[in-house]
Amino acid sequence: MTSHSEKIIILDFGSQTTQLIARRIREQKVYSEIHPYTLPLDELKAMHPTGIILSGGPASVYDEDAPISDPQIFEMGVPVLGICYGAQLMMVQNGGRVEKAEKREFGKADLVIDYTAGLFAGMETGPSHYQVWMSHGDRIEELASGFSVTATSNHSPYAALRHEQKPFVAVQFHPEVAHTLIGNDVLRNFIFGICGCKPEWTMHSFIDATVKEIQEKVGEEKVICALSGGVDSSVVAALIHKAIGDQLTCIYVNNGLMRTGESESILNFFNQKTSLQLIDVNAESFFLEKLQGIADPEEKRKRIGFGFIEIFEKEAKKLGDVKFLAQGTLYPDVIESVVFRGKAPIKSHHNVGGLPERMHLDLIEPLRELFKDEVRELGLELGLPEQAIYRQPFPGPGLGIRIMGEVTGERLHILRQADVIVLEEIRDAGWYRKVWQSFAVLLPIQTVGVMGDGRTYEHVIALRCVDSIDAMTADWSRLPYDILGRISNRIINEVRGVNRVVYDISSKPPSTIEWE
């Protein structure tokens, strides 16, 4: 990872909101990284953290197998903030006592502040109540030596604490969630007031540091990158091209499963606005042949994935001696692939389906420190068109998994026309950036209809529109009826072969966002 002079290290004890802590700190233009609580002390010291945060977590500190970080952390002379479980661990490791609470606290609580410095600088004491979010079944019953109370709530006599001589602070509530109305103030007071950080981590500084790092790593060697037309690969290409120019070659494989105009804007941008070396491979017939007669979703995914590798490998070999492969791995992928809490990874991430192993190339992953919204910010800073940067997520297998059953040229044509209408109407109504994804799905059934006094027996289009933050969970979008009505009317009137449109009102879980 790129070196940063100031950084806040977050040790993760299994909280569902640990990523939020990192995001909140980065929003203040201070760099932060998440690591498992098992991070060895010497590795932590080698990072030279400006501050350390102990996250929340589902365990109890008195459990036999409770997740415990190295208590020597408190000997490093670095400011430490404990949040929820992290606060309780701080107490226990410094000689305090934590027990099961008689009354658990879950949800909103009123915080009364007793000490208006440190974490609560700029706030008021006394009768003023501040809304915070609690989520704990244990509570601190006895303070460790040297600590004093800075805030209380109805069920937490020790809702916030500070050490009177050392830079250790703790809160029983979650400052990272939106329901804690003073959360950003608390985190700002920690990173700027207690840790003494400066707001210097910007996309501009990230570009400067990463360009230098890429140049040092690559030297005079060649780099290849698979350009999909998506946000991540486009930003990777633009960033590496800025660093090494014509040492980078991008390969765009047109699998014939993209939406109308989906990749053209990106390809036009790179062709017209940059001197990027771009190989454009039209493989539509190759993929249609691979998918002929295949209806099983997993088999379709595999054939599309392996077909891509086959073509990419073939094109890469033509370039001769290439040493590096660029990938758009993002920070959530990195976090999910790490073994936390002694468990297996949430999921393994291989952005190009096993490509690095097969091709014996060294990886360059310049986005592996960034969250999705930061990648978008980076793309705009690099001059990529806003239309491409704020493009809704699109699956790797493309329309191949939005056509239920066999993929044919005719069915692709029907779906593309319907999809264009969906996106046009969503954009015109001002909803494109409000929703996570909006798209059409072609169903493998036909229904009876009436057109021009005649009976029809034609295809059904399902409309899928969801709200989400990270695609881990999603809820169906409550689109106004008039938008749904316009989409349905246009598809039935303008797309030959469709006589019915339905709206998918299922959430994830139990359903998935995509249909296959």
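Read-outs: derived from the displayed coordinates by stated rules, not from any lab. In this text, all values refer to a predicted model and were calculated from it rather than measured experimentally. Ideal geometry is used to build each Cβ from the backbone, glycine not excepted, and the neighbour counts take in all protein chains shown.
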Using modelled backbone amide H atoms (1.01 Å from N, in-plane), which distant-in-sequence or interchain residues come within less than 5 Å of Glu141's amide H?
Arg97, Val98, Glu99
Given charges of +1 on the Cβ of Lys and Arg and -1 on the Cβ of Asp and Glu, with all other atoms neutral, how large is the dipole of the chain about its Cα centre, in debye to the nearest 20?
760
Determine the dipole magnitude for region 8-194: charges of +1 sit on the beta-carbon of Lys and Arg, -1 on that of Asp and Glu, nothing else is charged, the reference point is the Cα centre, and the result goes in debye to the nearest 20.
520
Rounded Å value of the spacing that divides the Cα centres of region 382-404 and region 32-89:
38
What is the helix-to-structure angle for 231-244, meaning the angle in degrees between its Cα long axis and the longest Cα principal axis of the chain, kept from 0 to 90 and rounded to the nearest 10?
80
Between Arg455 and Arg496, what length comes free when the chain is fully extended (0.36 nm per residue of separation minus the Cα-Cα distance, one decimal in nm)?
13.3 nm
Measure off 7 Å from each Cα along the Cα-to-Cβ vector at Ser5 and Asp467, then give the distance between these two points in nanometres to one decimal.
4.3
Determine, from the Cβ-Cβ distance of Thr260 and Ala178 and an R0 of 51 Å, the FRET efficiency 1/(1 + (r/R0)^6), rounded to the nearest 0.05.
0.85
Sequence of Thr260, Thr150, Thr17 once ranked by neighbouring C-beta atoms within 10 Å, starting from the fewest
Thr260, Thr17, Thr150
Listed by chain and number, the lysines with an alpha carbon less than 23 angstrom from that of Lys302, same-chain partners under 8 positions apart left out, are Lys290, Lys314, Lys317, Lys347
Subtracting the Cα-Cα distance from 0.36 nm times the residue separation, let me have the gained length for His360 to Asn271 in nm, one decimal.
29.1 nm
Write down the percent of antiparallel bridges among all DSSP beta bridges whose residues are both part of the chain, to the nearest 5.
50
Once the Cα atoms of helix 18-27 and of the chain are each reduced to a long axis, what angle between those two axes, in degrees from 0 to 90 to the nearest 10, is obtained?
90
Gain in length, Met76 to Trp431, computed as 0.36 nm per residue apart minus the alpha-carbon separation, to one decimal in nm?
122.8 nm
Which option, (1) 23.2; (2) 27.4; (3) 30.4, is the value of mean projected area of the Cα convex hull in nm² that was calculated from these coordinates?
(2)
Over the chain, what relative contact order in percent results from Cα pairs under 8 Å that are six or more residues apart?
10
Which order do peptides 111-118, 84-91 fall in by mean Cβ count within 10 Å, highest first?
84-91, 111-118
Going 7 Å from the Cα of Asp321 along its beta-carbon direction, which residues of region 196-219 have the amide nitrogen within less than 20 Å of the resulting point?
215-219
In degrees, nearest 10, the alpha-carbon axis of helix 297-318 is tilted away from the dominant principal axis of the alpha carbons of the chain by 90
What whole-number distance in Å separates the alpha-carbon centres of region 406-431 and region 457-516?
11
